[in-house]
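Beneath this line is the structure, given in structure tokens, with notes to follow.
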């Protein structure tokens, strides 16, 4: 299917397009699982992390004071993105796309981009991925460290099972990034930012070194089918 065909398929400006978009969102994006469970957590008085919000949930967040919605998923040709973009426009929310992955070591520019993001967006803000567990987790670590000034050891608590993050699977590569800093950068007297900007920060090398546990991988890849 061409990009133009996908865009027309998820054209929410027509009744038929809106029905097709919601049907795809409900089933293919597993949105029915998020009707009663948002995995939402205010991690400060200005930032909340959550899973993919429905349009009516975005209206609820707007009523709670949210000004900016940060989509961490990408998905520019997906039904969820079409619905979210439309809802934010109608509600007067600023929507920001900041794509990050859950199974890769973020490249240096992505880490620095996260720092800039938190320096420039309007608060209160909401960040979300699909489940609110992994990509929202690493971005919450960045937020706690870069904006709130927490040491990495403390900020790392944002990657935790209570947020549904599973360290033992392939998504554990996100934890591994910070573990490498604590093992290499911190003992060398480097701040996290200095380490990221140094030749020691090697995303490809870290990814090659990381090995996911078989049990955790089976859980995240086969059962939960995380993005």
Between residue 194 and residue 41, with labels modelled 7 Å along Cα→Cβ, what's the label distance in nm to one decimal, could you check? 3.0
Which of 13, 171, 68 ends up with the largest GNM mean-square fluctuation for the chain, with Cα atoms connected below 10 Å? 13
Is it possible to state the helix-based mean residue ellipticity at 222 nm for the chain, with each DSSP H run of 4+ residues giving -39500 (n - 2.57), the sum divided by total residues, to the nearest 500 deg cm²/dmol? What is it? -11000 deg cm²/dmol
Could you work out how far apart the two model spin labels at residue 150 and residue 112 are, taking each label as a point 7 Å from the Cα in the direction of the beta carbon, and quote it in nm? 2.6
Obtain the nm distance between the two label points defined at residue 56 and residue 99 by a simple spin-label model: each point lies 7 Å from its Cα along the Cα-to-C-beta direction. 3.1
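Relative contact order for the chain using alpha-carbon pairs under 8 Å, separation at least 6, rounded to a whole percent? Write out the running numbers ahead of the final one.
Values: 329 pairs, mean separation 42.2, N = 227.
Over the chain, the number comes to 19 percent.
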If we restrict to alpha carbons, what Rg and Dmax does the stretch 38-223 come to, in Å? 16.4, 50
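In which sequence would 144, 190 go, from the one with the fewest C-beta neighbours within 10 Å to the one with the most?
Numbers: 144 22, 190 17.
Ranking 144, 190 by Cβ neighbours within 10 Å, fewest first, gives 190, 144.
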At 4 °C and 1.567 mPa s, what whole-number value in µm²/s does Stokes-Einstein give for the translational diffusion of the stretch 1-133, with Rh from the Kirkwood sum over Cα pairs? 84
When DSSP assigns beta bridges and you keep just the ones with both residues in the chain, what percent turn out antiparallel, to the nearest 5? 15
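Would you mind calculating the gained length between residue 90 and residue 208 on full extension (0.36 nm times residue separation, minus the Cα-Cα distance), in nm to one decimal?
Values: separation 118, 0.36 × 118 = 42.48 nm, distance 4.42 nm.
The span from residue 90 to residue 208 would gain 38.1 nm if fully extended.
Bear in mind these aren't lab numbers, they're just calculated from the coordinates by the rules spelled out. In this text the structure is predicted, and so the values were computed from the model without any measurement. Virtual Cβ from ideal backbone geometry, glycine too; neighbours counted across all protein chains shown.
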